[in-house]
Each structure stands twice: as structure tokens, then as C-alpha cells.
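Working notes, beginning with the structure itself.
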Amino acid sequence: MSSEDQDAQEDELLALASIYPDDEFKRSKTSQGGEFRVCLDLPPNFEIHLKSDTVSFLPPIVLNFELLSDYPSASPPNFTLSCKWLSPKQLARLCQHLDDLWVENAGCVVLFAWTQFLKEETLEHLCITSPHEIELCPIVCQDQLESSDTAECVDAGLLPRDCGPIWQCQISRTMGIRVT
């Protein structure tokens, strides 16, 4: 690990810890990484319908990350994005945008940009408007879902191919992009 990368990582993690409250950002005690619990800034009067109920709060989008030894000079963070109310397709679109943000900012720290995007632009990026209806998979899917790999669950018959958002969906990304 270069001293520049090490200094940039430490500075970024310290800055994030000073910006975000403990319930939103937790720094890993064992590695250069951590977890963000991003709660969306919903516009006023934004309606979310869950079955026959209207809710005013959504569970957070969770961004777990690990900083590689050559981050930020050459490698992006490894990350896992999970959310209890977004579909695998929606999570994949968010992951792709995080990848794009890394490419745009390659060589620079990117975690603040990622969390701000998730917090402030997720609804617009995914074209989610009010009123928004969250459709759940049948209870049998939720109860039997043990793997975070949606394709594996579909192949195993735990989830129907046309199943809407599931409550335990997770997309992991390890980018192969290297900046030279």
C-alpha cells in the first residue's frame, strides 16, 4: 500500500465519520472498510403503498465496502449493495451508477459521492415517483429465501422469474477496472 493511498483512505474514513452519525456510517474495526445505511430523502407528500397500507419511511439502502490497498489511486472499493424494498434489477442499476461514478472520479476518493448519490438521487435515477407501490413476493419466497443470489434462488425454484422486489436482495460488485 502506497503511503498516498493509505493517507487518502484514512482521511476519507475520518471525514466520513465526522460527517455522518453513527447510525448511518460504521467504520470496520478489522479492515479498511465499513457500512453505510442510507435513508432516502423522500420529497414532501411522497406516497409509498405497501399492500393496502401507506408508509412514510423506507428501510435503508445498505452499502458495505472494503478499500483495497491501491484505492484510490488504481482500484475502486469492493462493495455490496443491499436493500429490502428494491428489486435485483433496480439494485443492479444503482451498482452500475456507482461503477460509473468511480470511472468519472478514478484516482480520487469516491465514497462520499456514492452515498450522496444514493441518498439524494436514487428515486430519480430509478424513475420512482409518487405514489409508489411496493409489491412483495409471496410469503413463501420470503420465508424460504436463504441465499442472497437472486438468480440462484430463481433457478432453485424459491423465487418465481417474475417476482417483484424481494426483502433480502443483495448485489455484490468487485470491479475489474484498473486506472493506469
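Can you work out which of the residues in segment 29-77 that are surrounded by 20 or more Cβ atoms within 10 Å (Cβ to Cβ) and polar (S, T, N, Q) is modelled with the lowest pLDDT? Checking each candidate, the answer is Gln32.
Could you tell me how many of the residues in segment 96-111 are surrounded by 14 or more Cβ atoms within 10 Å (Cβ to Cβ) and either touching a residue at least 60 places away in the same chain (Cβ under 8 Å) or not in a helix (DSSP H, G or I) (or both)? Selection size over segment 96-111: 8.
Would you call Leu40 within 15 Å of Ala113 (Cα to Cα) and touching a residue at least 60 places away in the same chain (Cβ under 8 Å)? For Leu40, the condition - within 15 Å of Ala113 (Cα to Cα) and touching a residue at least 60 places away in the same chain (Cβ under 8 Å) - is met. Any idea which of Thr115, Thr122, Thr80 is of a type outside the set (Asp, Glu), assigned to a strand (DSSP E or B) and touching a residue at least 12 places away in the same chain (Cβ under 8 Å)? Criteria check complete, one pass: Thr80.
Among (1) touching a residue at least 40 places away in the same chain (Cβ under 8 Å); (2) touching a Lys or Arg at 6+ places or on another chain (Cβ under 8 Å); (3) acidic (Asp, Glu), where does Glu12 come up short? For Glu12, the failing item is (2).
Across segment 88-102, what is the number of residues that are hydrophobic (A, V, I, L, M, F, W, C) and closer than 9 Å to Pro76 by Cα?
Residues of segment 88-102 hydrophobic (A, V, I, L, M, F, W, C): 91-92, 94-95, 98, 101-102.
The next check asks that each one be closer than 9 Å to Pro76 by Cα; those that pass are 102.
Going through segment 88-102 one residue at a time, the tally reaches 1.
Please enumerate the residues belonging to segment 15-27 that are in contact with a strand residue (DSSP E or B) (Cβ under 9 Å, 6 or more places away or on another chain) and of a type in the set (A, V, I, L, M). Let's see the steps before the verdict.
Going residue by residue through segment 15-27, those that are in contact with a strand residue (DSSP E or B) (Cβ under 9 Å, 6 or more places away or on another chain) are 16-17, 19-20, 23-27.
Those that are in contact with a strand residue (DSSP E or B) (Cβ under 9 Å, 6 or more places away or on another chain) and of a type in the set (A, V, I, L, M): Leu16, Ala17, Ile19.
Being surrounded by 13 or more Cβ atoms within 10 Å (Cβ to Cβ), under 21 Å from Pro131 (Cα atoms) and in contact (Cβ under 8 Å) with a residue 40 or more places away in the chain is a description that applies to Ser87.
Against the list (1) farther than 19 Å from Trp114 by Cβ; (2) modelled with pLDDT of 90 or more; (3) not in a loop (DSSP other than H, G, I, E, B); (4) not small (Gly, Ala, Ser), the condition Arg93 fails is (1). Pairing each residue of segment 46-64 that is under 28 Å from Val110 (Cβ atoms) with any residue that is assigned to a strand (DSSP E or B) and aliphatic (A, V, I, L, M), provided the two are 6+ apart or on different chains, yields C-beta distances under 6 Å for Pro60/Val38; Ile61/Val38; Leu63/Leu81. For segment 9-26, filtering for residues that are closer than 12 Å to Leu67 by Cβ and surrounded by 15 or more Cβ atoms within 10 Å (Cβ to Cβ) leaves 4.
The values are calculated or read from the model by the stated rules, or taken from the named source; none is laboratory data. Just so you know, these numbers come straight off a predicted model, no measurement behind them. Cβ sites come from the backbone with ideal geometry, for glycine too, and all protein chains shown count toward neighbours.
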